[in-house]
1. How large is the accessible surface of residue 30 in square angstrom, using a 1.4 angstrom probe and rounding to the nearest 10?
2. Per residue of segment 72-80, in order, report the coupling 6.51 cos²θ - 1.76 cosθ + 1.60 (Karplus, θ = phi - 60°) as ³J(HN,Hα) in whole Hz, putting x for Gly and Pro.
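The values are calculated or read from the model by the stated rules, or taken from the named source; none is laboratory data. This one's a predicted model, so the numbers in the text were calculated from it and none came from an experiment. Side chains included, ligands, DNA and RNA excluded: accessible areas come from the protein's heavy atoms. Shrake-Rupley method; radii C 1.70, N 1.55, O 1.52, S 1.80 Å.
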Amino acid sequence: MGILAWILIGLLAGMIAKAIMPGRDPGGIIITMLIGIAGGLLGGWLGKVVFGVDSIDGFFDLSTWIAAIVGSVILLALYRLVTGNRRHHSHA
């Protein structure tokens, strides 16, 4: 797949991940897209390592979308853990 396809899948997977895990996140559409793109790569890697399948076959393959969304949800949860700790600290 080309870079534009990855950006589109990343954007949509990031948006779906935010819909699955609603809440306030610092950042905006750029962070959502970056989390989605990285999540797609993470999901594809996990699919290959854990299940031994090539889960990133093509733009319209269901396995590509599932891998991207699962990876995006994982990264969004990690992102919230990291940034959430910074936002809740108050200085006395």
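1. Result for residue 30: roughly 110 Å² accessible.
2. 3J(HN,Hα) across segment 72-80, in whole Hz: 5, 5, 4, 5, 5, 4, 5, 4, 5.
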